[in-house]
Amino acid sequence: MQDKLVENCRKYQKHFSELLDIGCKIVDIPESAPPALLGEDEIRNFCAHCRFKEKNELSTHIYGCNEAHRWNGKYIYYCPLGLTFIAASISNESGALIGGLVLGPIIMGELQDVLYDLPMPDMAWDVSRLASFSTAKVQHISEIFAAVTSHISGSEQQKMQNLLYDQDRILKEIYIAKDYYGEGDEQNAGMLLQFEKDLRLTVISGDKEPALTMINEMLAHIYVYSNFDFASVKARLLELLVVLSRATIEAGADPSDMFRMSEDFIEQIEKYSDVDQLAFWISDIVRRFVVQAFDLAKVKHSDVVFKITNHIKKNCSEKLSLDSLAREVFLSKSYLSSIFKQETGMSLTAYITKVRVEKSKKMLLEDTIGLAAIASQCGFKDQSYFTKVFKKETGVSPKKYRNMNFGKVS
């Protein structure tokens with residue numbers, strides 16, 4: 001981000017941090033340099049003192065900003081520790097993502113629910129000191145947050161500067177590209193296909209920075225091959241999107257996400273009628289494919305798992321099927337099952353049972369609630385099944401568990 005934009009971000013970073021008494025980070029996602037987190041108030045910088053070995057702070061918040069960029073400027077997500085963050089994206093005037101502001105961590109909902117799933121029990125005291133907000137308040141904060149980042153995003157003058165800079169760079173690449181093309185369509189097509197293959201292999205092999213810098217070269221070759229005919233340029237770019245989506249999947253990205261992104265991009269490309277706008281757009285799309293492949297896969301899995309565990313805890317009295325859970329996070333059943341087992345070490349069915357049994361244990365401490373009512377409110381189909389599952393999980397029947405806690409002899 002340009003210095004003036006960073007300065008504005010710092011101003012609002014301080015306002016939000018002081019107002020809500022929580023940390024606020026600036027995420028800088030420049031086009032030609034590695035992403036970075038810019039400094040925040042050290043007192044409120046919980047992440048700097050987090051001892052969770054699986055944390056990846058930068059990747060986590062790049063993910064949040066990318067998702068915010070996809071979803072109307074704001075996104076609420078979880079870090080690998082299970083704490084809530086709010087991201088609001090910052091775009092330049094061409095619509096390309098260049099950074100964002102991130103609020104958090106915070107406790108959204110019940111503190112005990114967060115502590116229950118905390119992978120670092122020795123951090124329970126630190127976590128319990130974080131600011132806590134209801135889900136509704138978090139949504140309100142996210143709306144205001146997104147409005148602010150929209151306000152401080154690039155000016156019209158910045159747009160023109162960026163436009164001229166990209167035009168100049170692509171023009172240089174076009175002069176170079178012309179030297180590659182000889183006479184005959186077959187040879188021309190062969191050269192274009194070779195550059196597509198090079199970009200694909202760069203993405204698959206994990207060479208992030210080269211993949212990001214190859215896009216202007218690729219655009220130049222598409223323009224030259226298409227003889228600058230706008231309809232032909234669009235057609236070649238659609239082919240490039242297909243190549244990139246498949247390469248990104250091979251590099252480890254979520255196939256469901258990639259297919260949805262490709263469908264969205266095919267719709268978006270039809271809206272453009274100007275070559276320069278199209279150049280900006282495709283540059284941003286390539287960056288998003290590359291970031292999705294290299295930075296976000298692991299963090300995305302953690303976020304999905306935390307969303308699913310929260311959903312299960314809040315709805316354990318209802319019938320929970322793999323179909324309904326997969327719909328909650330827009331993934332296939334097999335893919336959700338796979339990443340849940342990978343992240344938690346247990347199946348979804350086992351986790352649902354665990355949550356239901358733990359809830360029933362708390363209710364059994366209330367001597368006035370009957371076993372049939374507990375079974376119903378904890379999602380068991382009847383009292384007999386509840387007793388069977390409870391005894392299998394704890395080694396004692398619900399009745400004996402209750403009597404033991406009330407000092408009675410069963």
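Values in this text are rule-based calculations from the coordinates and carry no lab data. Note that the coordinates shown come from a computational prediction; the quantities given were computed from them, not determined experimentally. As a convention, Cβ positions derive from the backbone with ideal geometry for all residues, glycine included, and neighbour counts pool all protein chains shown.
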As a footprinting exposure proxy, order LEU37, LEU240 by other Cβ within 10 Å, with the fewest listed first. LEU37, LEU240
Could you order the peptides 61-72, 80-91, 102-113, 321-332 from most to least packed, using the average number of other C-beta atoms within 10 Å per residue? 80-91, 61-72, 102-113, 321-332
